[in-house]
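The values are calculated or read from the model by the stated rules, or taken from the named source; none is laboratory data. Computed from a predicted model, the values in this text were never measured in an experiment. Please note: Cβ atoms are built from the backbone with ideal geometry, for glycine as well, and neighbour counts cover all protein chains shown. Surface areas here come from the heavy atoms of the whole protein model, side chains and all, with no ligands, DNA or RNA. Shrake-Rupley method; radii C 1.70, N 1.55, O 1.52, S 1.80 Å.
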Amino acid sequence: MNTRVTFATPYPFQRPAFIGIREYGFINSHGDAYSVQFVQKNNQIMNYIVDLSLKNYDQDEYQTMNTGDVYRVMATVVSILLDFIEQTPYCQSIEFVPVSENHQLSNRRSSLFLRYVQLFKTLTGWDYKINDGVFTLSRPKTK
């Protein structure tokens with residue numbers, strides 16, 4: 001994969017072990033294990049929903065992401081998104097919802113995700129839209 005500029009240095013990540021499994025993983029500098037899963041949206045093979053979660057269930061994801069490590073975590077997520085679209089050329093859209101610790105939309109978190117969505121657009125040319133707090137990245141239409 002090509003080295004790309006992000007706001008911070010991404011962590012090394014592990015690709016899925018099998019083609020059919022769409023779960024990436026990485027560990028941050030605090031020892032927190034993250035999982036980034038791509039789930040087919042409504043069983044549509046070309047559209048995915050991203051789930052970013054901690055594998056360390058005894059910790060609060062929101063607290064952990066607010067330890068000053070959030071930029072490296074997000075840079076890693078962008079790197080994983082880039083890898084996923086390279087490995088999955090038929091993928092047409094990816095969507096996610098930046099929710100806070102109480103599962104509510106957070107303006108601060110949405111602003112952070114928006115910065116990284118804009119970076120992703122710059123790196124890939126993919127379009128994005130935000131509708132009711134749902135961020136959707138879409139492969140540009142080819143002519």
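Tabulated values for the structure
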item: Residue match in region 98-108 (condition: within 30 Å of ALA17 (Cβ to Cβ), modelled with pLDDT under 90 and surrounded by 14 or more Cβ atoms within 10 Å (Cβ to Cβ)); result: yes
item: Per-region count, region 118-143, residues part of a strand (DSSP E or B) and not aromatic (Phe, Trp, Tyr); result: 8
item: Condition broken by PRO10, with the remaining ones in (1) at pLDDT below 90; (2) part of a loop (DSSP other than H, G, I, E, B); (3) open to solvent by less than 70 Å² (accessible area, probe 1.4 Å); (4) under 21 Å from SER111 (Cα atoms) satisfied; result: (1)
item: Options GLY31, GLY20, GLY25: the member that is touching a strand residue (DSSP E or B) at 6+ places or on another chain (Cβ under 9 Å) and either open to solvent by less than 40 Å² (accessible area, probe 1.4 Å) or modelled with pLDDT of 65 or more (or both); result: GLY25
item: Test for LEU112: is it assigned to a helix (DSSP H, G or I), under 14 Å from LEU137 (Cα atoms) and modelled with pLDDT of 80 or more; result: no
